[in-house]
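Input: a single structure, listed below in structure tokens.
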Amino acid sequence: MSLQAAVQMTSAVSQESVCGETDVSALAAQLTAEVNQIACEKTQGIQQITNQMKMLALNALIESARAGREGAGFAVVAQEVRHVGQQVEAIARDLETQLTRRTKTLMCSLQQMTERAKGERMVDLALNAIELIDRNLYERTCDVRWWATDSAVVQCAGEPSEALASYASERLTVILNAYTVYLDLWLCDLNGNIIASARPRQYPVVGQNVAKASWFIEAAKLRTGDDYVAGDVDRQPLLNNAQVSTYCASIRTEGRSHGKPIGVLAIHFDWERQARAIVRGVRVGSEDARVLLVDSHFRVIAASDDAGLLTERVVLDLQGRRSGYYTDKSGSQVAFHATPGYETYKGLGWYGVIISRPTRSQTE
């Protein structure tokens, strides 16, 4: 199953699990609003009738007064009708007050329930996004440690020569052709010189030195062949300034885990294209929602709208939580979830984030 298909399936399952609750809440809120409207209309109708009764009673009293002694009995009836009208009016007003107060309370509760359901759903979707990238990047840590033991790679790192470098480049090209999620694979010596690559024609990087790159510095410190370096997302000038996440493992004598280090293998994950598939595959159900992946410094490393990549920093009100949701000052609902890691990949402190901006009707 492709990464995009996995994203779509996961998002669909999450949506189905919560849409029922959201739909019920919305229906209940609509029915409550209709009941409130009907109650107000009917009580107003009752008040109009009681006003008519009081008017009739008043006219009857006037006519009974004109009739004198003969109308005295009718006056008693008119007075009683007037009294009944006042009682009905009082009951109608009390009914309106009681119903509107309760329906307003119910509508407020339903609105809170709907917002809570939406917030929890957004947290789940944020978790899905960060979990998908975690699982994807876990596979990258496995790839780099495995390929660092390839015999052609080990031989070239141990005894660099033009022939061995050419053969190692051929092997790296074969690997890259089978794994389309990478831009390039580099074999480096311990001084940071690139001695072989998978795409020498597209990216003429052989002979370049990467000793000052943070990922190479960390890779040179790895203690065993079982360890790896997972770099943060950055632009790589030698790959046409593409956004990559670089993973490294040390190449060791005879490909043994505890052998002597003789080189470094660096693989460059095509971050922008793969991450875009994840954030755009999350179905929030709102056109105003923005799906993000941010690093440990809250720098935007992926965005469903492609805005602010590697430049924007998102302010998250975590309050010591690894996951949650809240409404910010602008009225937007923000949901987040920290990376849970996957298997031996602990993650880099990244977050999945969803920002749902208020609709026009909500702001009016």
Per the filter on the range 157-175, residues of a type in the set (Asp, Glu) and assigned to a helix (DSSP H, G or I) are 162, 170
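I want to confirm something. Restricting to the range 237-261 and keeping residues that are of a type in the set (Gly, Ala, Ser) and outside any helix (DSSP H, G or I), which single residue is surrounded by the fewest Cβ atoms within 10 Å (Cβ to Cβ)?
Of all residues in the range 237-261, those of a type in the set (Gly, Ala, Ser) come to 242, 245, 249-250, 255, 257, 259.
Within this subset, residues satisfying the condition of being outside any helix (DSSP H, G or I) are 242, 245, 249-250, 257, 259.
Values: 242: 18, 245: 25, 249: 27, 250: 28, 257: 13, 259: 17.
Only one residue fits best here, namely 257.
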Of all residues in the range 132-156, count the ones that are part of a helix (DSSP H, G or I), surrounded by fewer than 19 Cβ atoms within 10 Å (Cβ to Cβ), touching a residue at least 40 places away in the same chain (Cβ under 8 Å) and of a type outside the set (Phe, Trp, Tyr). 2
Go through (1) surrounded by fewer than 18 Cβ atoms within 10 Å (Cβ to Cβ); (2) modelled with pLDDT of 95 or more; (3) in contact with a helix residue (DSSP H, G or I) (Cβ under 9 Å, 6 or more places away or on another chain) for residue 179 and report which single condition fails. (2)
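Could you pull out the residue among 126, 67, 90 that is modelled with pLDDT under 75 and of a type in the set (A, V, I, L, M, F, W, C)? Full working, then the answer.
Values: 126 fails: modelled with pLDDT under 75; 90 fails: modelled with pLDDT under 75.
67 is the lone residue from the list that is modelled with pLDDT under 75 and of a type in the set (A, V, I, L, M, F, W, C).
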Neighbours by Cβ (under 8 Å, 6+ apart or cross-chain): first from the range 203-230, over 20 Å from residue 145 (Cα atoms); second charged (D, E, K, R) and modelled with pLDDT under 95: none
In the range 178-229, what residues are more than 38 Å from the chain's Cα centre (by Cα) and among the charged types (D, E, K, R)? 189, 201
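Does residue 290 count as surrounded by fewer than 22 Cβ atoms within 10 Å (Cβ to Cβ) and outside the structural domain of residue 306 (by TED's automatic domain parsing)?
Numbers: surrounded by fewer than 22 Cβ atoms within 10 Å (Cβ to Cβ): yes; outside the structural domain of residue 306 (by TED's automatic domain parsing): no.
For residue 290, the condition - surrounded by fewer than 22 Cβ atoms within 10 Å (Cβ to Cβ) and outside the structural domain of residue 306 (by TED's automatic domain parsing) - is not met.
Is it true that some residue in the range 291-301 is touching a His at 6+ places or on another chain (Cβ under 7 Å), touching a residue at least 60 places away in the same chain (Cβ under 8 Å) and assigned to a strand (DSSP E or B)? Reasoning before the result, please.
In the first step, residues of the range 291-301 are kept if they are touching a His at 6+ places or on another chain (Cβ under 7 Å); the result is none.
No: zero hits.
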When the range 305-332 is examined, which residues are found to be touching a helix residue (DSSP H, G or I) at 6+ places or on another chain (Cβ under 8 Å) and either buried (at least 20 other Cβ atoms within 10 Å of the Cβ) or more than 19 Å from residue 124 (Cβ to Cβ) (or both)? 306, 309, 325, 331
Inside the range 320-359, counting only strands (runs of 3 or more DSSP E) that do not spill past its ends, which hold 2 or more residues that are within 27 Å of residue 137 (Cα to Cα), hydrophobic (A, V, I, L, M, F, W, C) and under 12 Å from the mean Cα position of the chain (by Cα)? 333-338, 351-356
Within the range 216-229, is there a residue that is in a strand (DSSP E or B), at pLDDT 95 or above and surrounded by fewer than 22 Cβ atoms within 10 Å (Cβ to Cβ)? no
Please enumerate the residues belonging to the range 302-319 that are over 15 Å from the mean Cα position of the chain (by Cα) and part of a strand (DSSP E or B). 313
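The values are calculated or read from the model by the stated rules, or taken from the named source; none is laboratory data. It should be emphasised that the depicted structure is a prediction, and the values quoted were computed from it without experimental measurement. Neighbour counts run over all protein chains shown; Cβ positions are idealised from the backbone, glycine included.
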